[in-house]
Structures are given as structure tokens and as C-alpha cells.
Amino acid sequence: MKVLVLGAGQLARMMALAGAPLNISISAYDVNSDSIVHPLTQQNLGKGLANAIADADVVTAEFEHIPLPVLAQCQQSGKFLPGETAIKAGGDRRLEKTLLDDAKVRSAAYRIVNSEADFRQAITALGLPLVFKSALAGYDGKGQWRLKRAEDATALWQQLDAFLSADPSQSIVAEQFIPFSREVSLIGARNSQGEVQVYPLTENHHVNGVLSVSLAVAGNEQLQQQAQQMFTAVANQLNYVGVLAIEFFDVNGTLLVNEIAPRVHNSGHWTQQGADVCQFEQHLRAVCGLPLGSTALVRPSLMVNILGEDKVPEQILTLPGLHLHWYGKTKRAGRKMGHINLSGATTAELKTRFEQLISVLPEAAFPELTQMAARLN
Ligand code: ATP
Ligand code: MG
Ligand code: MG
């Protein structure tokens, strides 16, 4: 099978690596250069999205911020999974909120803001504190503003007004600030027959709005059931085919959806070593019409993102249960350059190994890991 992936980053790369044993070959479309590129070497294979679509058995995506004409072109081919509606819902917070409402799953109360009147009404209706998010193009915490005190509202409106005026396609979604106890995500897959398979819930830690560590340990059954029910409602609403990720706020045992990602997800990278079938293979199986694989946790695992660094101490490779994944990208401050997966036979063993790992990683490049190790009990 030949699969064309919209987007040519690390997610397309890891799909290519996971697809090879199943004879699934991946080509990647780089939206920025409007070129087809090799997903592993990044070699530019020239222009020609139309030819690449014609040549592929299946078209899918590794990210949601794709120009609408490209989405329409892929949709027209009849080969696009999970398809235009799902990708748009992941890339536009207005559509995303409507989807969550339609699927009847809880998320933070919100208002859409296009004018100062909307802005003032959002504050009155929702109360403070509030989080304001750009409707389009937000990722890694970019395009967000916080409002805690009423006296700061006028100054914030000036910023939002300038932002909205610069791009008529934008809106702001004003959302109640959720005092969550932690953040978790559920990665799962739905196939074209409507079967759903989800991984165990993953606990996620962000530093400065960017995912730093994901922990996957044997979970809380009640929370897992809740997440799976909400996942299924969203996936069914979209008639979704492929891997879908849902980020949740855990508020003392009650889950609210934060956002969805209609694709494989950074918080699911641990599945490469910690699950029976990893999320990349699972996505390819779903979109290629192959049977879904087992999502069972084979051993407690975690993932640490490597942000803005192109080296880590080589000695980490001596740790049992450790796997290093580089993305072959040029170094840039804060950029996702690779990740480390770590597993143990038990949570206690994983914790011991994590402490060993932390002792060799430079603290400045890997902040707050010690607090995260404390979560492993
Ligand atoms: P990603 O890189 O995950 O796609 P993003 O830029 O789309 O991020 P969100 O996930 O919506 O942004 O928000 C980033 C982080 O900001 C969340 O993980 C959470 O820590 C915090 N946050 C977002 N919305 C809220 C909220 N309503 N209440 C409290 N915290 C929030
Ligand atoms: Mg997001
Ligand atoms: Mg997020």
C-alpha cells in the first residue's frame, strides 16, 4: 500500500518507520514548500500534489493546520482519511467546540469573540479567570492569552482587537480557566467498521505550554471508562477513521476535553516501546483497512521530549528499557528534536530508571523532571 501523508515532520517519519514491516510505503507532502519529500531523508522529490494523490492508495495527515484548498483537493480524491471535516475540526477551535457540543462531551464553557461586545459579554457570562485562544493556527500554547483581573480587560482587548483586525479569518475562543488537578490524554483508533481501540490514559506534563513528559502506567479504571466513552462519542460524531488523540483536564476525577488532535500525537510516542502495537502502525492499519492491533500496555513507560537540543549524553543508551528517537531536524530553540522512551517491568523499576536518566540529563535542557518522577508511585 502507498500512503501519502500531508505534512513532512517527525510524525510522517515515524509512520514511515512503522509502515515498512507491513509493506506500507509513505510519501510526505511538505505544505510549506508545496513539495513531496522523502519522510526519512527529507529529500525534495519535487512538486506535484495532484500526481502524488493519484499515485497513493490512501491520503492522510500528520497535522491539522493545512491550507483549505489542499484539504478540498484531497477530499475530492475519495482517499482521504480521517478526511476534511475531522482535520478542520482539529485546526479551528470554533469547529472543535461545535463538534464537542454535538457529541455531548464536556469541555470548558466558552464564547466566540469577534468584537469588543462579544469580549465583554464573555467576561460577564463566564467569569474570571479566562483563557483566550486564537481559533486558527494555535499549537504549543501559542496564540493564547490569560485574563485574571477585571482591571486588565481593556489592555487585553486592545491586543485581541489588533490580532483580530490583522486576519479576518480569525476569531478568539474565550474559555473558562479550568483548575485541573492534572492533564491526561487518550490516544485511540477507529476503523471504517466503527470499531474503537484505545490505549491506556497518558498523564502529560507541560513546561511553558509545550509537552515535556508523558507517563503511561496502569491506570484508574473509572477514569479510563470516562475517557473512552468521550473518545467514542467524538470519533463516532466524525465517522472517524484513523488514530485520534483527545487531551483532557482531570478535575478531581471528572474529565473535560481540552482539545482534540485528528492524528497521531506526541503524548502517544511511548506506545513505540510500551504498547503491543504503536500508534503509528495503528493509524496506518486503520486508514489502510487492515485489522486494528492490540493497544495493551506491555510495560509501564514514559516519554521525555528533547526540545531545542541535538545531543544528549551517549551514556543514556546504556540504560535498559531506553530508546532514543531523533527526528533528523536542524536545531532551533525550543524545537521538538527527538524523544526518549523509557520502560520498566514495573512502575517501581521505571521510576528507578527514570531517576538514573535524570541524573545524566542536563537540568537546564530538561527542567522539572524530578517533579515528574515523583508522580511514579
Ligand atoms: P498543543 O501543542 O497541545 O496543540 P495548544 O497550543 O493547542 O497546544 P492547548 O492544549 O489548548 O494549546 O493549551 C495549552 C495548555 O494550556 C494546556 O495543555 C493547559 O496546560 C493550558 N490550558 C489551555 N486551556 C486551558 C483552560 N481552559 N484552563 C486551564 N488551562 C488551560
Ligand atoms: Mg492544540
Ligand atoms: Mg494541547
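The values are calculated or read from the model by the stated rules, or taken from the named source; none is laboratory data. Just so we're clear, the structure is a prediction, and the values are computed from it rather than from any experiment. Using ideal geometry, Cβ is built from the backbone for each residue, glycine included, and neighbour counts are taken over all protein chains shown.
Inside segment 126-206, counting only strands (runs of 3 or more DSSP E) that do not spill past its ends, which hold 1 or more residues that are without any contact (Cβ under 8 Å) to a residue 60 or more places away in the chain, away from ligand 3 (no atom under 16 Å from the Cβ) and not basic (K, R)?
Once the strands (runs of 3 or more DSSP E) in segment 126-206 are filtered for at least 1 residues that are without any contact (Cβ under 8 Å) to a residue 60 or more places away in the chain, away from ligand 3 (no atom under 16 Å from the Cβ) and not basic (K, R), what remains is 130-134, 144-147, 196-198.
Please indicate, with yes or no, whether at least one residue in segment 168-186 is among the hydroxyl-bearing types (S, T, Y) and within 30 Å of R120 (Cβ to Cβ).
yes
For segment 255-272, which positions are of a type in the set (G, A, S) and within 12 Å of ligand 1 (Cβ to nearest atom)?
Hits for segment 255-272 are A261, S267.
Quick check on this structure: which one of T330, T295, T318 is β-branched (V, I, T) and either under 23 Å from P39 (Cβ atoms) or within 16 Å of ligand 3 (Cβ to nearest atom) (or both)?
T330
Among the residues of segment 96-125, write down those that are within 14 Å of ligand 1 (Cβ to nearest atom), assigned to a helix (DSSP H, G or I) and out of contact with any Phe, Trp or Tyr (no Cβ under 6 Å at 6 or more places or on another chain).
E96, L100, A122, listed by residue number.
Between a residue in segment 301-328 that is modelled with pLDDT of 95 or more and any residue that is surrounded by fewer than 18 Cβ atoms within 10 Å (Cβ to Cβ) and part of a loop (DSSP other than H, G, I, E, B), which pairs come within a Cβ distance under 6 Å, given they are 6 or more apart or on different chains?
Close Cβ pairs satisfying both conditions: L307/G334; G308/A333; G308/G334; G308/R335; E309/A365; D310/K331.
Which one is farthest from the chain's Cα centre (by Cα), of the residues in segment 228-254 that are crowded, with 24+ Cβ neighbours inside 10 Å and either in a strand (DSSP E or B) or within 16 Å of ligand 1 (Cβ to nearest atom) (or both)? Steps first, answer last, please.
Taking segment 228-254 first, the residues crowded, with 24+ Cβ neighbours inside 10 Å are 231, 234-235, 240-244, 246, 248.
The next check asks that each one be either in a strand (DSSP E or B) or within 16 Å of ligand 1 (Cβ to nearest atom) (or both); those that pass are 234, 242-244, 246, 248.
Numbers: V234: 15, G242: 14, V243: 10, L244: 9, I246: 8, F248: 12 Å.
Looking at residues that are crowded, with 24+ Cβ neighbours inside 10 Å and either in a strand (DSSP E or B) or within 16 Å of ligand 1 (Cβ to nearest atom) (or both), I get V234.
Taking N32 as meeting all but one of (1) assigned to a loop (DSSP other than H, G, I, E, B); (2) modelled with pLDDT of 95 or more, write down the number of the exception.
The one condition N32 does not meet is (2).
Quick one: count up the residues across segment 211-226 that are under 21 Å from L302 (Cα atoms) and either more than 16 Å from ligand 1 (Cβ to nearest atom) or among the acidic types (D, E) (or both).
Number of matching residues: 8.
Output yes when any residue across segment 310-317 is more than 16 Å from ligand 2 (Cβ to nearest atom) and surrounded by 22 or more Cβ atoms within 10 Å (Cβ to Cβ), and no when none is. It would help to see each step written out before you state the result.
Step one: filter segment 310-317 for residues more than 16 Å from ligand 2 (Cβ to nearest atom), giving 310-317.
Going one step further and asking which of them are surrounded by 22 or more Cβ atoms within 10 Å (Cβ to Cβ), we end up with none.
So far as segment 310-317 goes, no, none of its residues is more than 16 Å from ligand 2 (Cβ to nearest atom) and surrounded by 22 or more Cβ atoms within 10 Å (Cβ to Cβ).
Determine which single condition V277 fails, assuming it passes every other condition in (1) in a loop (DSSP other than H, G, I, E, B); (2) over 29 Å from R190 (Cα atoms).
It is condition (2) that V277 fails.
Can L284 be described as closer than 21 Å to H205 by Cα and at pLDDT 95 or above?
Working: closer than 21 Å to H205 by Cα: no; at pLDDT 95 or above: yes.
Considered against the rule, which asks whether it is closer than 21 Å to H205 by Cα and at pLDDT 95 or above, L284 comes out as no.
Let me confirm something: among G78, G138, G90, which residue is closer than 30 Å to V31 by Cα, within 16 Å of ligand 2 (Cβ to nearest atom) and surrounded by fewer than 19 Cβ atoms within 10 Å (Cβ to Cβ)?
After ruling out the rest, the residue left standing is G138.
Does A109 fit the bill of being away from ligand 2 (no atom under 15 Å from the Cβ), farther than 21 Å from I66 by Cβ, without any contact (Cβ under 8 Å) to a residue 60 or more places away in the chain and hydrophobic (A, V, I, L, M, F, W, C)?
Answer is no for this residue.
Quick one: count up the residues across segment 21-57 that are among the small types (G, A, S), within 18 Å of L81 (Cα to Cα) and surrounded by fewer than 18 Cβ atoms within 10 Å (Cβ to Cβ).
3
Between L342, L350, which is closer than 20 Å to P300 by Cα, outside the structural domain of G9 (by TED's automatic domain parsing), aliphatic (A, V, I, L, M) and not in a helix (DSSP H, G or I)?
Just one listed residue meets the conditions, L342.
Go through (1) free of Cβ contacts under 8 Å to residues at least 40 places away in the same chain; (2) surrounded by 24 or more Cβ atoms within 10 Å (Cβ to Cβ) for A286 and report which single condition fails.
So the condition that A286 fails would be (1).
Just one of the numbered conditions (1) under 19 Å from the mean Cα position of the chain (by Cα); (2) among the small types (G, A, S); (3) within 30 Å of Q193 (Cα to Cα) is not true of G143; which one?
Answer for G143: the failing condition is (3).
Here's a check for you: in segment 272-307, which residue that is out of contact with any strand residue (DSSP E or B) (no Cβ under 7 Å at 6 or more places or on another chain) and farther than 21 Å from A86 by Cα is nearest to ligand 2 (Cβ to nearest atom)?
C278
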